[in-house]
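These notes are about the structure you will find just below.
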Amino acid sequence: MADTYYDIPTVLSAIDPAACEYDEWCSIGMALKAGGFPLSMWKDWSRRDTARYHEGEFERKWESFKGGWSASVNIGTIVHIAESQGWEPPARAIAGNRSLDWDGEIGGDDLKIVDTRWIEGQELHEPDKWDPVGELITYLQTLFDSSENVGYVTKAWKTEDGVYMPTAGAYDRTAGQLIEELSRCGGDIGKVLGDYVPEVGAWIRFNPLDGKGIKNENVTEFRYALIESDSMEIERQNAIIRELELPVACLVHSGKKSLHAIVKVEAGSYEEYKKRVEYLYSVCKKNGLDIDQKNRNPSRLSRMPGIMRNGHKQWLVDTNIGQPSWSEWKEWIEGVNDELPDFEDLADALEDLPPLDPPLIDGVLRQGQKMLLVGPSKAGKSYALMQLAIAIAEGGRWLGWQCTQGKVLYVNLEIAKATCYNRFDEIYKATGKTPRRASDIKVWNLRGSAIPMDKLAPKLIRRAMKEHFIAVIIDPLYKIITGDENSADQMAAFCNQFDKVCNELGCAVIYCHHHSKGVQSNKRSMDRASGSGVFARDPDALLDLIELNVTEALREQETNKALCTYWDRTLEDAGFPDAASQDQLCSSVTMEGIAKSKLSNFDFQTALVNANNIKETVSRYTAWRIEGTLREFPKFKPLYLWFRYPIHQVDNIGSLADLREDDTTLSAKGRRSKKAKEPTEREKIENALSALSVNGEPVSFKALLDYKQVKDNTLRQALGRCGYCVNNGIVMKKEKEQ
């Protein structure tokens, strides 16, 4: 049973009855009765909400709980309601004793800054000259905008054990209204907020509310989280909070044995808030700050400054200490705890040389390294990568290079699931391979679910950790780019995510990207990729595809060859294996005439239809040259190949070697003058919107802001210049352009 694992009185104490709906309140009573707990427990807990508590009502309700509900309402119901209000079970509350969740951070950082063996407490002294009203006004000005509603509690009730508990309190006034009234109250806070019980003090909610309630769902901005410890000396709390440089907006003395640190978490949603609080609590725990785990929810009450509590002051110790923001604090704390390796002595390494990683693609790429395939649209890059996945799984050749056999993950970001699987089937059939090891290819279909690489990497690593892949293929790159692809520093950070995948999984990462716009023939292969040069310089192997201009003569030659092969196979299947001589096998016209003389009229007409289809297929063949830039292997000679849908095949005859690039129809002067055009600001915006849109759905401004990684105003101004606006959080074209 649930009470075997949880201390139910402790769980119940974490639930605010004033924040419960009526059916939740009844469910808790049912669950307590089903678990064998006494009526008095339900009554004592309910007394915390004076508006709901009515003497005599509990007995009648308790007696009505008689069955039919016990299967669905039990002790687990109490745990569930407590969790919905921010409580965490002990096993999950301590970050060090839990597994990382899917959105957790990668790496072995223990995030430990403070050596508690050497920490010295920083003393705190109650202020002699105290301005209670001034402190409360400063608190409100620091945490809230003037138009935001503030929740606070001055009334409390006493349990049978003599413990004071806060009521639901008020939440109908804004910070601006409270500040104005406090400024005119003549030092009497009770005149503004209502008199409080001196023995217990007063409370305030540190996040703004919507004026309709005090639940998590009533929080309008997930701006702050509460850090509090009742189990350690207050001087040590003060020292560790400052040593950790926590981004504290307000630090309040509780008037008893703890500090209340209101920490900036600046989350954009409740889900993000929970993740950031989890991270914050984990860091505090690892650095010796033994914090109260029940304070996680964003609507939590904290101690109000400017109030007396049992003869001691609840006072404002400090404001805006530590790092100025959540992002700067997180960057700082992870920067202090880097995972960089130690310096090593070359002499020691030379005495015992480490072995090189074995090849994944012989002569091109080693296992555990990165490879980028670059080319223009319609180059069949996705088909080439699928062909590579099959070659690795089956232990065969890819474009003439031998591949090491092993498991491979193909991350499909662009095409529909059914299309993806049908392409694999077509490639298997076209290559003549039997899918003996198709189970060694895992496909992760993320069309419509693509997210930036910095968020995808940890999810990928956790899902793939036990699969023992030797390669991960990501197709295509633009769907997961984080930041501006023309920014070198942003693209360097983006490419680092591939290193994380390589290092964590011990596998190669292979991905594809597109050419920049404009003529490519006047560029080196490593300069053709769109965006920053980081793309070309970061991978260990870069393979660049450039299209060749197929001459009419060569197209006719390929058509003739394909038809000769077809007519020879057709005659053999019809029982005429030796119908043509060696010379006749070189002419498709001759072979067609022989077939006409040997086959029945019906069979010949059927075969003729197929022959015409072959002509059409050959007319769509494209020719390509692959050039390579390799870090671990010698540079290979340009590789020529046909893209004969759906596979790329090496030109072993050499018929493509003399072809020019497809854009060389320009004069030499034109090739020199026509430089690759930098994408315009509007094109960059439209490319980003295209990458983020799912099935043509509109894109939110927040998603575009995260993608571009620029300042809010900078992006809004750019959208305005490009004919776009933001309407209700959605990026839209301006009406005059619609």
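The values are calculated or read from the model by the stated rules, or taken from the named source; none is laboratory data. Computed from a predicted model, the values in this text were never measured in an experiment. Reconstructed Cβ throughout: ideal geometry from the backbone, glycine too, with neighbour counts over all protein chains shown. For the accessible areas, the whole protein counts, side chains as well, though only heavy atoms, and no ligand, DNA or RNA atoms are used. Shrake-Rupley method; radii C 1.70, N 1.55, O 1.52, S 1.80 Å.
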**Request:** Hey, can you tell me all the residues within the stretch 684-709 that are part of a helix (DSSP H, G or I) and at pLDDT below 80?
**Result:** 687, 688, 689, 690, 691, 692, 703, 706, 707, 708
**Complete:** Within the stretch 711-730, residues being outside any helix (DSSP H, G or I) and closer than 18 Å to residue 484 by Cα number 2
**Message:** I'd like to check which strands (runs of 3 or more DSSP E) are fully inside the stretch 217-317 and have at least 3 residues that are crowded, with 22+ Cβ neighbours inside 10 Å and of a type outside the set (D, E, K, R).
**Reply:** 222-228, 248-253, 259-267
**Message:** Report every pair of residues separated by at least 6 positions or lying on different chains whose Cβ atoms are under 9 Å apart, first residue within the stretch 616-642 and within 11 Å of residue 541 (Cβ to Cβ) and open to solvent by less than 30 Å² (accessible area, probe 1.4 Å), second assigned to a loop (DSSP other than H, G, I, E, B) and basic (Lys, Arg).
**Reply:** 628/635
**Request:** Report yes if residue 569 is open to solvent by 60 Å² or more (accessible area, probe 1.4 Å) and under 23 Å from residue 644 (Cβ atoms), otherwise no.
**Result:** yes
**Asked** What number of residues within the stretch 471-518 are out of contact with any strand residue (DSSP E or B) (no Cβ under 6 Å at 6 or more places or on another chain) and not small (Gly, Ala, Ser)?
**Response** 23
**Prompt:** Of all the residues that make up the stretch 205-220, how many are under 10 Å from residue 149 (Cα atoms) and small (Gly, Ala, Ser)?
**Reply:** 1
**Item:** Residues of the stretch 340-365 satisfying the condition of being open to solvent by 100 Å² or more (accessible area, probe 1.4 Å) and either in a loop (DSSP other than H, G, I, E, B) or at pLDDT 95 or above (or both)
**Value:** 340, 341, 342, 343, 344, 352, 353, 355, 356
**First in the stretch 287-298 and within 7 Å of residue 229 (Cα to Cα), second anywhere and in a loop (DSSP other than H, G, I, E, B) and open to solvent by less than 10 Å² (accessible area, probe 1.4 Å), Cβ under 7 Å, 6 or more apart** = 290/229; 291/229; 292/229
**Prompt:** If you scan the stretch 158-212, which residues turn out to be at positive phi and either surrounded by 14 or more Cβ atoms within 10 Å (Cβ to Cβ) or touching a His at 6+ places or on another chain (Cβ under 8 Å) (or both)?
**Reply:** 169, 194, 201, 211
**Request:** Please list, ordered by first then second residue, the pairs with beta carbon atoms under 6 Å, 6 or more apart or interchain, first in the stretch 10-28 and farther than 16 Å from residue 156 by Cα, second aromatic (Phe, Trp, Tyr) and part of a helix (DSSP H, G or I).
**Result:** 12/45
**Asked** Across the stretch 493-506, which residue is farthest from residue 714 (Cα to Cα) among those that are at pLDDT below 85 and open to solvent by less than 40 Å² (accessible area, probe 1.4 Å)?
**Response** 495
**Message:** Considering only residues that are loosely packed, with under 13 Cβ neighbours inside 10 Å and assigned to a loop (DSSP other than H, G, I, E, B), which ones fall in the stretch 405-425?
**Reply:** 416
**Request:** Please indicate, with yes or no, whether at least one residue in the stretch 71-83 is at pLDDT below 65 and open to solvent by 30 Å² or more (accessible area, probe 1.4 Å).
**Result:** yes
**Message:** If I filter the stretch 438-445 for residues that are surrounded by fewer than 16 Cβ atoms within 10 Å (Cβ to Cβ) and closer than 20 Å to residue 392 by Cβ, do I get at least one hit?
**Reply:** yes
**Asked** In the stretch 424-431, is there at least one residue being at pLDDT 95 or above, in contact with a helix residue (DSSP H, G or I) (Cβ under 7 Å, 6 or more places away or on another chain) and within 20 Å of residue 472 (Cβ to Cβ)?
**Response** yes
**Prompt:** Looking at 396, 432, which one is within 22 Å of residue 545 (Cα to Cα), surrounded by fewer than 18 Cβ atoms within 10 Å (Cβ to Cβ) and not hydrophobic (A, V, I, L, M, F, W, C)?
**Reply:** 396
**Asked** Which strands (runs of 3 or more DSSP E) does the stretch 608-657 wholly contain that include 1 or more residues that are basic (Lys, Arg) and modelled with pLDDT of 90 or more?
**Response** 622-630, 639-644
**Prompt:** Do any strands (runs of 3 or more DSSP E) lying entirely in the stretch 125-188 carry at least 2 residues that are out of contact with any Asp or Glu (no Cβ under 8 Å at 6 or more places or on another chain) and in contact (Cβ under 8 Å) with a residue 40 or more places away in the chain, and which ones are they?
**Reply:** 149-153, 156-158, 164-166
**Prompt:** Residues in the stretch 93-101: is at least one modelled with pLDDT under 65, over 25 Å from residue 248 (Cβ atoms) and either among the hydrophobic types (A, V, I, L, M, F, W, C) or not in a loop (DSSP other than H, G, I, E, B) (or both)?
**Reply:** yes
